[in-house]
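*Asks:* So that we are looking at the same thing, I have put the structure below in C-alpha cells.
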Amino acid sequence: MGLFDKLKRGLQKTKDLLQTDLRDLLKSGEILTEPKLEQFYSRLIATDMGVASAKAIIEELREKHVGRTVVFEEVWDTVRAKLKALLKGDSGTLWDASQPLSPLRFAPEGVTVILVAGVNGVGKTTSIAKLANLLKKNGKKVVLAAGDTFRAAAVEQLTLWSQRLGVEIVTKPSGSDPASVAYAGCARALETNADVVIVDTAGRIQTQQNLMKQLSKIQRVIADKVPGAPHEVLLVLDATTGQNGISQAQHFSQTVSCTGLVLAKLDGTAKGGIVLAIRKEMNLPVKYVGVGEQIDDLELFDPDEFVNALFDQ
Amino acid sequence: MSRGHSTFMFEGITKGLEGALSFLRGQGKLTEQNMQDGLRAVQQALLEADVQYDVARDFTARIAEQALGAEVLKSLKPYEQFVGIVHQELINLMGPVDHSLNLRRGELTVLMLCGLQGSGKTTTCGKLAKLLQESGAKPMLVAADMQRPAAIEQLRVIGQQLGVPVYSEAPDSNAVRVCQNGVAAARKNGDVDVVILDTAGRLHVDADLMREIEQIDLKLSPQQILLVCDAMTGQDAVNSAKAFNDALELDGVILTKLDGDARGGAALSIKAVTGVPIKFIGVGEQLDKLEPFHPDRMAGRILGMGDVLTLVEKAQREFDADQMAEQQEKLLKGKFTLMDFKDQMGAVRKMGPLTQIMKLLPGMGKVVDMLSSADIDPEEDLVQIEGIIDSMTPRERDNPDLIDMSRRRRIADGSGTNPSDVNKLIKEFSTMSGMMQQMAGMNKWQQMRQIKQMADGGLFDPGAQIQIAKKSTALGPLDKRAQQDKKKKQRKDARKQRKKNRR
C-alpha cells in the first residue's frame, strides 16, 4: 500500500463531506451575505487557526464575493488559495510526495542528528518511534538517545519501542543529565557509523526557563560532538492544541531554533489549525503528521489534504 | 515575526477594552451602540483563550443583556465596570465548584481517571493520591493503562515515590479485569480506603476503547469519574468532553498543565457545554502541584488580568508571619541589613520560580517576556546575590560601609563574582533600603506606586541603576517628626509675620 493511500482513505470521507457540508452553507445561486460569512467564520475558528488567520480569510471572501451570487467552486477556490498561501509561508517549502524522507535535512556526510522537543504529553516519544521506523524502512541506520530522563518510565517506553523496531538505543539511568545522554547517543552513532541519531527530550512547558536552558545545553553538546548538528530540530505539537501552540513554537524556536513541526494525534476530531497560525507568525513548516496509533502512522504533511480536512465535521 | 503574539494579545485584553470603551467616559449609560466595540473585544479575547465559538458568542450576548442600561458608576471608569460585569459572568458560568471527591466513610471509594492521550492522567493519579494521603486517606493506584508502553512502570515509580501501593498486572492483560482485580486486592489489603484507576488515554472517537472504559464503569461503578483535560486544548476540548460525558457521566474535570501560559478557555467551554464542574487544576510536574479550582482566578486568567489571589495565597503559605513582622519592625527602625535582605529573597524564592510568580501579577507577563527575550534570568541573579552576601562576614552584612577595596576583592573571590558585582549590590542595597524606609511611612497606595517606580527603574533589570524615587515636594521629607517640627516652625513664622504686618 502506498504511503499516501492510508491518509487518502481516511480523508475520502472528508472530501465527500466537504462537498455537501460547505455547499449547504455556501449554496450556489444564493447571495453571499454577512450572516453567512459569520457562520463560515465560526467554522474557521473551530479549526483552531486563530482569530487573525480566520479574519484574514473572511476579509478575502468579503472583498471578492460578498453581495454577489455564490458560485461554490469559486468561493472554495478563494478559501483554499488563501489557506494554502498561509500554510506555505514565504519559503514555499514543498517536498517530494514519493520521497518520505524529503522534508528532512540530512548532513552532507556522516551522521545526521535530529533533536525532538515539545511540551508534556504531545506524543514526542511515539513520534520518535514512528520517525525511526520511517527512517529504517528507507534504509537508514538509526540510533535513539533516550534523553527524557525526568518522567518516570520514559526511558523504558522508548526502550520498548527500540526493541520492537530493532534499532539501537542509548540510555542512562533516570535522573541523569539529558545532555550527557544526547552526547553518548551521538558518540555511539559515530562509532557504529549510523546514519541518523534521534535525540528524545523530556516534555517541558515552554515557560519553564530552567528546563528551556537545559534544552539549549543539549543542543550545544550535540553541536560539540557533531559539527553542524542538530540538522533537524523538530517540535512536536498535539493536534488538539489551541492558541497556546503559538507560544510553544515561539519559546522553543527562541531556545533551539526549530526547523519544523510534527503534528501528532491528527486522528481525532481536532483539526490542528494552529499550524496555520504558527506558519503565519513564525514561518515554521509542518513536516510530518501523526495519523494513528500504529507505528506506520506517520505521514508526510500535504497542504492539500490538510486544507480539505480542516472542514471535516 | 511579532514576538509574544499570544501572551501580548491576551495581556492586552483589558487594555483593548479600555481603548474600545474609553469614549464612554462621561456618558451616563452603557447602550447597545456604545458597547459594540467592547463586546467585540471580549469575544475576541475569549476566542484567543480557546473558548469555543458558540460559547463565546452566547457569553457576549448575555453580557450585552446585563450591561445594557447599567448606569456607569462615577467611581469607576466605564471599561472597569464593563470588565467587572464580564469577570463576574465568567465566575458565574464556571462556578460554583465542589472540591469534594465524595469519599465514603468506612467503605472503599473508587475513583476513575480518564481522558485523551497525553493529558496527564498518570501524573494526576499520583497527585490525587498525594492529596488524599495528606487528608488522611489511604489510597491505592491501579495501573489499567494497557496501551502506552511503560505506562504501568511509570505508575509504579510514582507509587514508590509516594509510598502508595500500586496494583498492576502484565501489559497484555485485560483492562477491565485489571480494575476488578485491583479493587479486590484493595479490599483484601484492608489498609486501603480509596482506589484510583489509571485508565489508558483514548480518543473519544475510538469506539473500541470507549467501549472498554464503559465496561470498566459498568463493572466497577466508581464513585467519581474524573476527566483529565489539557489546559492547552483548543476548540476540540468540548467535543472530547462531551463524548466522555455521554459515555460515562463525568463527576468532574481536572485541568492540567496550567503552569504554562495557556489561558485555559477550555474550562469555560467544558463547563458551559457539559455542565461538568472543574474540580482541580494541575500546576506543575511535581506531585504536590494539584490545586482546587477557583472560578474567580480562572476568570482573571482567561481575561488576562493576572492571578493576584493565587499569589497572595502562595505568599501567605510561604512567608513566616513572625519573621515578616520582625523584618517590618526592623525596616521601620531603619535596621534592615543585607542578611534580612537575603532572608527575604529566600522567602520569595520558596514561592516558586521568580518568573512564574511575576507572571501572576497583572501586567508583569510582559516584563517576563522581556526578560526572557533579553536572556535575563532573575533567578540567576538571585543566586549570585546570595553568593555575595554569603561571602561576607557578619559584621560586613550589618554594616556594608565597612567594605573597602580589599574586602570587596575577597568577597568577589569567595563568591566567584567580580568586585564590580559586589560594589553594585552594595550600592543597590543602600538605595533600596533607603526606599524601603520611605515606604514604611507610606500608605498602601503610595507603596504600590513606589513598587511600580522601582520596577520601572530596573528592579528586574540588573543592568540598570535603581532610581531614587522623586520625593513629593508637598510633603517634604518623610520623617514624621521632622515634618511636624517643620510645620510648627512654619506656623510660628506665620504668626510672627502676621504680628509684624499688624504693626
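Throughout, read-outs are computed from the coordinates displayed, never taken from laboratory work. Just so you know, these numbers come straight off a predicted model, no measurement behind them. Backbone-built Cβ (ideal geometry, glycine too); neighbour counts: all protein chains shown.
*Asks:* For the range B:131-150 and the range B:111-126, write down the distance between their C-alpha centroids in whole Å.
*Replies:* Distance between centres, Cα-based: 10 Å.
*Asks:* Continuing with the same structure: Distance cut-off 23 Å, Cα to Cα: go down the list B:138/B:279; A:140/A:287; A:82/A:130; A:141/A:225; A:88/A:130; A:55/A:82 and report the pairs above it.
*Replies:* Working: B:138/B:279 20 Å; A:140/A:287 18 Å; A:82/A:130 31 Å; A:141/A:225 19 Å; A:88/A:130 25 Å; A:55/A:82 11 Å.
Check vs 23 Å cut-off fails for A:82/A:130; A:88/A:130.
*Asks:* When the Kirkwood radius is taken over all Cα pairs of the range A:173-313, what Stokes-Einstein diffusion coefficient follows at 37 °C and 0.692 mPa s, in µm²/s?
*Replies:* Diffusion coefficient, whole number: 201 µm²/s.
*Asks:* Could I ask something else about it? Exposure proxy check: A:204, A:220 ranked by fewest other beta carbons within 10 Å? Mind dumping the intermediate values first?
*Replies:* Numbers: A:204 23, A:220 13.
The order, fewest Cβ neighbours first, is A:220, A:204.
*Asks:* Using the scaling law 2.2 N^0.38 Å as the reference, what is the normalised Cα Rg of the range B:145-205? Please report the intermediate quantities before stating the final value.
*Replies:* Working: Rg = 12.0 Å, N = 61, 2.2 N^0.38 = 10.5 Å.
Relative to the 2.2 N^0.38 Å estimate, the range B:145-205 comes out at 1.14.
*Asks:* Additional query: For chain A, with a Gaussian network of springs between Cα atoms less than 10 Å apart, report the residue from A:206, A:248, A:157 with the top mean-square fluctuation.
*Replies:* Highest fluctuation of the listed residues: A:157.
*Asks:* Could you give the size of the charge dipole of chain A about its Cα centre, using +1 on the Cβ of each K and R and -1 on the Cβ of each D and E, expressed in debye and rounded to the nearest 20? Display every interim value, and only then the final one.
*Replies:* Values: 38 positive and 37 negative charges, 93 e Å.
Around 440 debye, computed over chain A.
*Asks:* Considering only the other residues whose Cβ falls under 9 Å of the Cβ of residue B:338, what net charge follows from Lys and Arg at +1 and Asp and Glu at -1?
*Replies:* Numbers: positive: B:342, B:397; negative: B:340, B:396, B:398.
Charge balance in the 9 Å sphere: -1.
*Asks:* With 10 angstrom as the radius, rank B:127, B:496, A:36 by how many other C-beta atoms surround their C-beta, starting from the fewest. Please report the intermediate quantities before stating the final value.
*Replies:* On the way: B:127 26, B:496 10, A:36 18.
Ordered from fewest to most neighbouring Cβ atoms within 10 Å, B:127, B:496, A:36 come out as B:496, A:36, B:127.
*Asks:* Taking the highest mean first, how do the peptides B:88-100, A:97-109, A:44-56, B:148-160 order by number of other beta carbon atoms within 10 angstrom per residue? Intermediate values should be presented prior to the final figure.
*Replies:* Values: B:88-100: 15.8, A:97-109: 14.1, A:44-56: 23.2, B:148-160: 21.6.
Per-residue mean Cβ counts within 10 Å order the peptides as A:44-56, B:148-160, B:88-100, A:97-109.
*Asks:* If you don't mind, another one. Going by C-beta contacts inside 10 Å, put A:41, B:167 in order with the fewest on the left.
*Replies:* Values: A:41 18, B:167 24.
By the 10 Å Cβ count, ascending: A:41, B:167.
*Asks:* Report, by chain and number, residues whose modeled amide H sits under 5 Å from the one on residue B:293, excluding near sequence neighbours (fewer than 5 apart, same chain).
*Replies:* Residues meeting the amide H criterion: B:280, B:281.
*Asks:* Taking the Cα centre of the range B:149-304 as origin, sum charge times position over the Cβ atoms of Lys and Arg (+1) and Asp and Glu (-1), and report the length of that vector in debye to the nearest 20. Can you show the working numbers first?
*Replies:* Working: 15 positive and 22 negative charges, 50 e Å.
With only Lys, Arg, Asp and Glu charged at Cβ, the dipole is about 240 debye.
*Asks:* Okay, moving on. Which length gain, in nm to one decimal place, applies between residue B:344 and residue B:488 when the Cα-Cα distance is subtracted from 0.36 nm times their residue separation? Mind dumping the intermediate values first?
*Replies:* Details: separation 144, 0.36 × 144 = 51.84 nm, distance 3.88 nm.
So the chain would gain 48.0 nm between residue B:344 and residue B:488.
*Asks:* Right, something else. Nearest 20 debye, what's the magnitude of the dipole of the range A:186-313 about its Cα centre given +1 on Lys and Arg Cβ and -1 on Asp and Glu Cβ? Could you put the intermediate results ahead of the total?
*Replies:* Working: 11 positive and 16 negative charges, 175 e Å.
That gives a dipole near 840 debye.
*Asks:* Here is a follow-up. May I ask for the distance between the Cα centers of the range A:272-304 and the range A:46-106, given as a whole number of Å?
*Replies:* Measuring centre to centre over Cα atoms gives 14 Å.
*Asks:* Now, a different point. Quick one: the Cα spread of the range A:68-190 along its three principal axes, in angstroms, biggest first?
*Replies:* Per principal axis, max minus min of the Cα coordinates gives 67, 34, 27 Å.
*Asks:* Turning to a different aspect of this structure: Of A:200, A:238, A:296, which has the largest mean-square fluctuation in a 10 Å C-alpha GNM of chain A?
*Replies:* Of the options given, A:296 has the highest mean-square fluctuation.
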